[in-house]
Amino acid sequence: MDTFQTTVARLKHFWAEWGCVVTEPYDVEVGAGTMAPETFLRVLGPRPWNVAYVQPSRRPADGRYGENPNRLYKHQQLQVILKPAPQDVLDLYLHSLAAIGIDLRKHDIKFEEDNWESPTLGAWGIGWQVMLDGLEITQFTYFQQCGGIDLDLVPAELTYGLERIVAFLQDKESIYDIEWARGVSYRDVRFADELQNSVYNFEFADVVALWQLLALHEKECQRLLEGYPAYEPKSRFPMLAAYDHVLKCSHLFNLLDSRGAISVTERVGLIARVRKLAIGVAQTWIEQQHPAPAEAAQEVA
Amino acid sequence: MGLPFLLEIGSEEIPDWMIEPALADLRRLFAEMLADNRLGGQVTRVDATPRRLVLRAEGLALEQHPRIEATIGPPVSAGPKAAEGFAKRMGVGVTDLEVRDTPPRYYLARAVAPRRTSEVLAGSLPNVITGIYFPKTMYWTGKGGPRFIRPIRWIVALLGDAVVPLELAGVVSGNTTRGHRVLGAGRIPVTIADYEVQLEQNGVILSAAKRRARIEAALTDGVRRDQALLGTLVYLTEFPTPIRGTFDERYLELPREILTTVMRHHQRYFSVEHAGGSLAPEFVAVMNTNADPQGVVRAGNERVLRARFNDARFFWEVDQRKPLADRVPELAAVTFQARLGSYLEKTNRMAALAMELAQRTGAMASLAERAAHLAKADLTTEMVKEFTELQGIVGGLYARVQGEHDEVWRAIYEHYKPLSMEDSIPSTPTARIVSLADKLDTLRGCFEIGMVPTGSRDPFALRRAAQGVVRILVEGKLRLSLKELCAADARLEAFLLDRIRHYFRDVRGFAYDEVNAVLASGCDDLVDVEARLEAIRAVRPTPDFEPLAASFKRITNILRQAQFAGGGAIDASLLEAGPERELYQGFERLREIVYRHREARDYRAALEAIASLRPKIDTFFDKVLVNAPDARVRQNRLAFLGSLLTEFSAIADFSEIVVAQNNTASP
């Protein structure tokens, strides 16, 4: 039986062999692999892009102090983006399952409608949750819009829930009992993270400080967005840094939310504020990466 | 003799609930296309699995039926030069033209060269396919590309033995289909004759009825026959095979509502009952494959269910640490609607309204207020965050274990009812009051901020809320003033009136004219409306009723034509002896009787009493001229008729009753 790390390695290897760029996790807190710039920004514009990476995803409200066998504050997704989606993308996906030892002839697989939407990112897509013997193991989405922009090429996003898949493969009732490496359990590696972050998120996080941090990141992002139009040459402008501040805002929002610190009126407004930043970065990024022909000519001149 | 035709649109998995409407649309669009193009033939079958929409037709012609096309030329009066010019433009001689119409014009009638059916189909099918309506579509070949419910991956289009060549979204049609993702081959050449057999050999049961039968075969021995779930599974599988699994009996300690919701909504399992009706620790899952010889799939599903039940038990235990009453303040952080504030604000409004309604209907105000106060608190529980469809039910279950009064927990449990037209209304007086308070608060608030449903857009399900209000008032026999419930919002009143009409006509089956007649005489008290409707329905078949209604209509018309404004005392001395005076005496006598019946809400007796006046009214119209030459007599007569009409229209406005012509009173 494969360990957690071996299964993850096999999946990464599968997509690397197929032709994906394989990167390491993004190093700013995100709630899902979709938010990493390797997905959020790279799906924009007309350039093909195939990438796979494991993304630890933090969802403060989902923390359960390490007590719940199926819920985690921070779970790990294998995120795969195939842009544009190849015609045989679903077959490829099924092959990837075979690559981690799932013999589909012995199992039951279904694709059930499940569309995805992120109001904060101005993004949505059409797709399925993939059910294996009644267990949701993957979210499959054909992106349609990102940052409020219709996508030129439609990417397929495959998000494998790694803990679930491995618990299934190892026949474990609790994620914490997964064998991460030989003789080392998921509990050994991650229990302290779960416990301490739950305690922090639900009990310790300083609401005033979090609000201040959020305002600071928002302001820094706005400052960058405002500075872009006058700056030359465009290609040097630190749009990726601006996006990191959007991610910080999003994570701080989630922290405040799990603390129960966001009131009704604030909540709607706050989502709109983060969305505005995300859309601003997305639009500017497209312009920066794919300047209109006239501007491109000027740059050459 | 014609050609058979087969179209298979091969797609990635289509959402189950969209498939049947899509098939109906495909059938209609294809039949219209055949007719528009004069190809003959008819659609014989439409079928579907999640991965394919299939249409079969027969009797298509080899080519289009001939058609003569007439081109209009100049009028004859324009002279021979114009005719020559027209003929030249059309590439014919003047002798080929004909003259028709008045004033006469030149025409050129020519047979249109028929196109081959295959060619017409090749041109039309892409539009037929992309014309199928789906509630939410996507593009996949790139921005601006064709839209469909999911990517189209192959197309089989066969006319007789030949492929109809077409291309859509980069997919070129052919004669190869694909089998089941696991059980079948990837490329299977087919003919129209062997298509279905080939599919079956490749793990695809094309017929929904056959798939349904395979599932139904397992729905025995206490398995709950959930028709909606069955329908879902039929279109979620290409080769359905049911399996039976079990779970640990210890989970039966959890409320049945929670267990069945997990099985039904989250796992799509059928639940199983013991002979006595209690839940058995078993379930039936439906696989999309042919067998589970090693029990791997069963074990997997049992494991998933165990995890789900463990979650539920965890939520249950965690939620108990904080009673509902302590959760109410937390509702300040749960948005009801951006402009209508939080659920805490809604809770406070609901509690006040519930108390008021309870006082007016004689329910226990303190219980109604308590229930309304706690009703939304379950929105902060882990259980409801996980199983949103159990809101209300979870709150009720928690209130019960937390020792709330029976009336209170039941009211919380049932306050979302009725969830649909088929669902029953809440079962206790307190529950009805709380449910009303909840729905009315939503309706009032949304109307106040202009969130009024338009067309199919009704995000807050206001129609359902309004329908619930109507049903609770009528079926719960709650005598509450509709006007007051609407808080003087005329648009809300009109909206409810619309639901009232719908309810009495379409749900209760009253004739539309009866509903109009009764509502025209007042609709503030729905219990009363129902009683009046039932009286009309009972009296309508009696011989005097419809003629009487016709007479009332006549009176209404007379008064309208005379522009009678109403009022004016009746001067009995001005009444003519004979039919008029007799009618008056009859009226005077009946008035008292009708009034007493009405007070006693015995509308049927009241209507029968009114109907007994019919012979006198008939004679009156036979013998008496309303438009008397003497103005004083005429005015008195109108005042008399006016008062007769007003007096007897309190139950229903009879002029709204539609009467067959031959039933009308003789003029």
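Tabulated data
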{"read-out": "Computed log₁₀ I(q)/I(0) - Debye formula, equal Cα scatterers, no solvent, region B:67-112, q 0.19, 0.32, 0.33 Å⁻¹", "value": "-0.50, -1.24, -1.29"}
{"read-out": "In nm, spacing of pseudo-spin labels at B:Thr542 and B:Arg27 (7 Å Cα→C-beta vector)", "value": "4.8 nm"}
{"read-out": "Average partner coverage of B:294-302, which counts Cβ from other chains inside 10 Å", "value": "4"}
{"read-out": "Cα-based radius of gyration of the protein assembly as shown once divided by 2.2 N^0.38 Å, which approximates compact folds", "value": "1.21"}
{"read-out": "Prolate/oblate/rounded label for region B:453-580 (Cα gyration tensor, a/c 1.5)", "value": "prolate"}
{"read-out": "Extended-chain gain in nm, criterion 0.36 nm per residue less alpha-carbon gap, A:Lys74 and A:His290", "value": "74.3 nm"}
{"read-out": "For region B:325-478, the Rg and Dmax computed from alpha carbons only, in angstrom", "value": "14.4, 45"}
{"read-out": "For chain B, radius of gyration divided by Kirkwood radius, i.e. Rg to Rh on alpha-carbons", "value": "1.11"}
{"read-out": "Charged-residue dipole, Cβ positions (Lys, Arg, Asp, Glu), region B:356-510 about Cα centre, Debye nearest 20", "value": "560 debye"}
{"read-out": "Restricting region B:112-199 to chymotrypsin sites (Phe, Trp or Tyr not before Pro) in coil, as DSSP defines it, with at most 16 other Cβ within 10 Å", "value": "B:Tyr133"}
{"read-out": "Rounded if a/c under 1.5, otherwise prolate or oblate - region B:531-663, Cα gyration tensor axes", "value": "prolate"}
{"read-out": "Whole-number percent relative contact order across region B:67-112, with pairs defined as alpha carbons under 8 Å at least 6 apart", "value": "53 percent"}
{"read-out": "Accessible surface ranking that places the most exposed of A:Asp27, B:Asp618 first, with a 1.4 angstrom probe", "value": "A:Asp27, B:Asp618"}
{"read-out": "Cα-based convex hull, region B:565-621, per residue volume (Å³, whole number)", "value": "104 Å³"}
{"read-out": "Partners for A:Lys74 among lysines (Cα-Cα distance below 28 Å; same-chain residues under 8 apart left out)", "value": "A:Lys12, A:Lys83, A:Lys110, A:Lys172, A:Lys219, A:Lys248, A:Lys276, B:Lys322, B:Lys385"}
{"read-out": "Inter-label distance, nm, simple model (7 Å from Cα along the C-beta direction), B:Gln561/B:Glu20", "value": "5.4 nm"}
{"read-out": "Delta accessible area of at least 10 Å² on complex formation, residues of region A:59-91, 1.4 Å probe, chain isolated as reference", "value": "A:Arg64, A:Glu67, A:Asn68, A:Pro69, A:Asn70, A:Arg71, A:Gln87, A:Leu90, A:Asp91"}
{"read-out": "Burial of 50 Å² or greater, region B:177-224 residues [accessible area, probe 1.4 Å, versus chain by itself]", "value": "B:Arg181, B:Val182"}
{"read-out": "Reach of B:Lys210 by Cα under 17 Å, taken over aspartates and glutamates that are not fewer than 8 positions away in the same chain", "value": "B:Asp16, B:Glu20, B:Asp47, B:Glu196, B:Glu200, B:Glu238"}
{"read-out": "Value of relative contact order over chain B, rounded to a whole percent, pairs C-alpha under 8 Å and six or more apart", "value": "7 percent"}
{"read-out": "Per residue value of the accessible surface for the protein assembly as shown (all protein chains in place, 1.4 Å probe), Å²", "value": "43 Å²"}
{"read-out": "Mean Kyte hydropathy of 0.0 or more with a Cα span along the axis of at least 18 Å, helices from DSSP in chain A", "value": "A:207-227, A:239-258, A:264-289"}
{"read-out": "From the C-alpha gyration tensor of region B:127-177, square roots of 5λ in Å", "value": "22, 12, 9"}
{"read-out": "Fraction of accessible area attributable to carbon and sulfur, the protein assembly as shown (%, probe 1.4 Å)", "value": "51 percent"}
{"read-out": "Accessible area buried between chains B and A, both sides summed, probe 1.4 Å, in Å² to nearest 100", "value": "4100 Å²"}
{"read-out": "Sorted peptide list for B:279-292, B:625-638, criterion being average Cβ within 10 angstrom, highest first", "value": "B:279-292, B:625-638"}
{"read-out": "MRE, 222 nm, helices only [DSSP H, n ≥ 4, -39500 (n - 2.57), over chain A, to nearest 500]", "value": "-14000 deg cm²/dmol"}
{"read-out": "Label-point separation in nm, B:Thr44 to B:Lys322, each point 7 Å along Cα→Cβ", "value": "6.5 nm"}
{"read-out": "Whole-Å semi-axes of the ellipsoid equivalent to chain A (Cα gyration tensor, √5λ, descending)", "value": "33, 27, 16"}
{"read-out": "Accessible area in the full protein assembly, largest first, 1.4 Å probe, for A:Leu153, B:Leu419, B:Leu305", "value": "B:Leu419, A:Leu153, B:Leu305"}
{"read-out": "Only Lys, Arg (+1) and Asp, Glu (-1) charged, at Cβ; region A:154-250 dipole about Cα centre in debye", "value": "380 debye"}
{"read-out": "Residues of region B:132-169 with amide N under 14 Å of a point placed 7 Å along Cα→Cβ from B:Leu62", "value": "B:160-162"}
{"read-out": "Sparse-neighbourhood loop sites, GluC sites (Glu not before Pro) in region B:364-454 - DSSP loop, at most 10 other Cβ within 10 angstrom", "value": "B:Glu422"}
{"read-out": "Rel. contact order, % - alpha carbon contacts under 8 angstrom, at least six apart, region B:392-453", "value": "26 percent"}
{"read-out": "Heavy-atom SASA rank of B:Ser573, B:Ser435, B:Ser456 (probe 1.4 Å, accessible area, largest first)", "value": "B:Ser456, B:Ser573, B:Ser435"}
{"read-out": "Dipole magnitude of region B:208-319, debye to nearest 20 (Cβ charges: Lys/Arg +1, Asp/Glu -1, about Cα centre)", "value": "460 debye"}
{"read-out": "Whole-Hz ³J(HN,Hα) from phi, Karplus 6.51 cos²θ - 1.76 cosθ + 1.60, for region B:29-43, glycine and proline x", "value": "5, 5, 4, 5, 5, 4, 5, 4, 9, 6, 9, x, x, 8, 6"}
{"read-out": "For peptides A:199-205, B:639-645, sequence by mean Cβ density within 10 Å, most packed first", "value": "B:639-645, A:199-205"}
{"read-out": "Heavy-atom accessible area, 1.4 Å probe, ligands and nucleic acids excluded: residues of region A:99-113 down by at least 50 Å² from chain alone", "value": "A:Lys106, A:Asp108, A:Lys110, A:Phe111, A:Glu112, A:Glu113"}
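The values are calculated or read from the model by the stated rules, or taken from the named source; none is laboratory data. These figures come from a predicted structure and were not determined experimentally. Neighbour counts are summed over all protein chains in view; Cβ atoms, including those assigned to glycine, are modelled from backbone coordinates with ideal geometry. Ligands, DNA and RNA are stripped out before the accessible areas are found, and what is left, the full protein with its side chains, is counted by its heavy atoms. Shrake-Rupley method; radii C 1.70, N 1.55, O 1.52, S 1.80 Å.
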